[in-house]
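*Asks:* Sharing a structure here in structure tokens format.
The values are calculated or read from the model by the stated rules, or taken from the named source; none is laboratory data. Not measured: the values here are computed from a predicted model. Note that we place each Cβ from the backbone using ideal geometry, even for glycine, and neighbour counts take in every protein chain shown.
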Amino acid sequence: MNPEATLNQLKEASPEGKLPSSYGVYFKNTLVALCHALEDHILQTCNIQPEAKPLVLVTFQQGKWYLQEADRYQEIAQSSRHIVIGAVPDSGLSTHPTSKLENVSLVNLETTDSLVNEWNLIILAPTYKAMVLCHELSEDEYLPHGKPTVDIERKFYGLWTFDRNLVAKAAEILTERCRPYNPALADTIQKQHQEILKTEGVAPTDMSDVVSRIVSYLQTTQEQMIAINRQTRELWELEGQALRVSRNLNANKLQAFLRMAQKVDEQDETNPIASLQVAALSETLGQMLDLPTLKLRRLRLAGLLFRVGLVSAPKEVFTKTPDELDDKSLNFWQEKSVLGAQLLAAMPELAPVTKIIAHHLEYWDGSGKPDGLRAEEIPIESRILSLVSYFQELTQPRGKRAALSLGEALEKCSDRSGTYFDPTLVETLSNVIRLTEMGLMELPERPRQLPNVWLEEAISAKASVH
């Protein structure tokens, strides 16, 4: 770890050079859960007295500033006396309304500063102190396979604690690391910290609810990792079945993935041919945009596999709309592209298809996942898959929501044009739907070409129904 790292400096300043028992190596999604648990506590205490509001120090690890996090901090600012955020200049925060708030200060970190490899959250309140400190593993420490391409597989040295002395010391270290950027801001942070320490007459916060929330968040992320392992084991089993039919390793893996995708559709009783329809309509839009044949093939396969990350999802994911789901099920729904990409990473030959799926929940305005890509930074195939999968989902019933007509579903897509979806693609989809409504074409139910394994399964299923 870099000697300048906040974690390392805290260790050096701690008695006997020891850190709390929570210190260890964490996956990124676990860190997100930890930070959200602490942030939620701030949001749930928004009606506290002004003098009890916390000072919040945040640094975001290098990469895009996710707009959904910027929106979240806009709310957190209403319950805080001051928020200081360190992020790289191209994070997108400087143009977001959050950075314009009077009690929000932005520190534009230089890319050469080791802080860009850290993810820190320090909360200083008169009634409690809490923090999450993290530093990503270096390229050498990721050996032998190097830095992961899947976001949730990234690892960080980190810790979380409510120890008042440790949190106060970490705040001092982080303040001094921000001083070269803005000395006046560092002085302000120090002054506010001293005011917080001197605050009297405020009852200490019972942190049991916060600890319970952290345990709940960690349990959810652990369940997600268990699901990934379960999916991987299932993939091995399906691959073994395919091995008895074919000796081609790549064909075996692909067959296993396709069978897994079919299992997802079978679980979805109200939308049992989602993958077929999404693959077919995605291919149609790709043809209208004159995509090269190779891109069309990859797009078609991505359409067949885009839901594979839901193979171990709770049943509620297929019976309720996202706003009806509990936290556990909603987590699966929101992370389906990442989970799918992690599974497909087992077959490097599918890397171009995996990339399409991994980024199909990115949004045109940069507020999507996993990397906050915006506009044409998002692969064209991912943009198509994003729009088509959303449109197709709306045309089928889900939970309390009835199936929408083609026109109604298109209107929903148009409402998100320029925010979630590429406006050009929305217009292309509009042309397809208009032609369909005029009776000049029919929406395809399946791609022009299907892998043999899928055809075999489809025929067997059809025979069993009749």
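*Asks:* How many residues does the range 120-134 contain that are surrounded by fewer than 22 Cβ atoms within 10 Å (Cβ to Cβ) and at pLDDT 90 or above?
*Replies:* Result for the range 120-134: 1.
*Asks:* If you scan the range 397-425, which residues turn out to be under 19 Å from Thr436 (Cβ atoms), of a type in the set (A, V, I, L, M) and surrounded by fewer than 19 Cβ atoms within 10 Å (Cβ to Cβ)?
*Replies:* Ala403, Leu404, Leu406
*Asks:* Continuing with the same structure: Can you tell me which residue in the range 376-391 is surrounded by the most Cβ atoms within 10 Å (Cβ to Cβ), limited to those that are out of contact with any strand residue (DSSP E or B) (no Cβ under 7 Å at 6 or more places or on another chain) and of a type in the set (A, V, I, L, M, F, W, C)?
*Replies:* Residue satisfying both the conditions and the ranking: Ile384.
*Asks:* Taking the condition in the same structural domain as Val432 (by TED's automatic domain parsing), within 17 Å of Gln267 (Cβ to Cβ) and either at pLDDT below 90 or assigned to a helix (DSSP H, G or I) (or both), does Gln396 pass?
*Replies:* It is false that Gln396 is in the same structural domain as Val432 (by TED's automatic domain parsing), within 17 Å of Gln267 (Cβ to Cβ) and either at pLDDT below 90 or assigned to a helix (DSSP H, G or I) (or both).
*Asks:* Same structure, new question: Check Arg300 against each of (1) more than 19 Å from Asn29 (Cβ to Cβ); (2) buried (at least 21 other Cβ atoms within 10 Å of the Cβ); (3) without any contact (Cβ under 8 Å) to a residue 60 or more places away in the chain; (4) not hydrophobic (A, V, I, L, M, F, W, C) and name the one condition it does not meet.
*Replies:* Against the list (1) more than 19 Å from Asn29 (Cβ to Cβ); (2) buried (at least 21 other Cβ atoms within 10 Å of the Cβ); (3) without any contact (Cβ under 8 Å) to a residue 60 or more places away in the chain; (4) not hydrophobic (A, V, I, L, M, F, W, C), Arg300 comes up short only on (3).
*Asks:* Looking at the range 328-375, which of its residues are of a type in the set (Ser, Thr, Tyr) and surrounded by 22 or more Cβ atoms within 10 Å (Cβ to Cβ)?
*Replies:* Across the range 328-375, the qualifying residues are Ser337, Thr354, Tyr363.
*Asks:* Could you tell me whether the range 74-86 includes any residue that is under 25 Å from Leu373 (Cβ atoms), modelled with pLDDT of 90 or more and small (Gly, Ala, Ser)?
*Replies:* Scanning the range 74-86 turns up at least one residue that is under 25 Å from Leu373 (Cβ atoms), modelled with pLDDT of 90 or more and small (Gly, Ala, Ser).
*Asks:* Hey, another quick one. For the range 304-350, which residues satisfy the criterion of being part of a helix (DSSP H, G or I) and without any contact (Cβ under 8 Å) to a residue 24 or more places away in the chain?
*Replies:* Glu316, Val317, Pro322, Asp323, Ser329, Leu330, Trp333, Pro348
*Asks:* A follow-up question, please. Going by the conditions given, is Val353 farther than 21 Å from Ala33 by Cα, touching a residue at least 12 places away in the same chain (Cβ under 8 Å) and assigned by TED's automatic domain parsing to the domain that holds Gln287?
*Replies:* So Val353 fits the description; yes.
*Asks:* In the range 359-393, how many are of a type in the set (Gly, Ala, Ser) and either farther than 16 Å from Trp333 by Cβ or not assigned by TED's automatic domain parsing to the domain that holds Val278 (or both)?
*Replies:* Number of matching residues: 5.
A quick yes/no check of all residues on (1) in contact with a helix residue (DSSP H, G or I) (Cβ under 7 Å, 6 or more places away or on another chain); (2) under 16 Å from Leu258 (Cα atoms):
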{"site": "Phe306", "(1), (2)": "yes, yes"}
{"site": "Leu325", "(1), (2)": "yes, no"}
{"site": "Leu343", "(1), (2)": "yes, yes"}
{"site": "Lys355", "(1), (2)": "no, no"}
{"site": "Glu377", "(1), (2)": "no, no"}
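*Asks:* I've got another one for you. Among the candidates Ile357, Ile384, Ile378, which residue alone is within 20 Å of Ile273 (Cα to Cα), among the aliphatic types (A, V, I, L, M), under 16 Å from the mean Cα position of the chain (by Cα) and modelled with pLDDT of 95 or more?
*Replies:* Ile357
*Asks:* Within the range 183-195, identify whether any single residue is touching a residue at least 40 places away in the same chain (Cβ under 8 Å), part of a helix (DSSP H, G or I) and under 30 Å from the mean Cα position of the chain (by Cα), and answer yes or no.
*Replies:* Taking every residue of the range 183-195 in turn, none turns out to be touching a residue at least 40 places away in the same chain (Cβ under 8 Å), part of a helix (DSSP H, G or I) and under 30 Å from the mean Cα position of the chain (by Cα).
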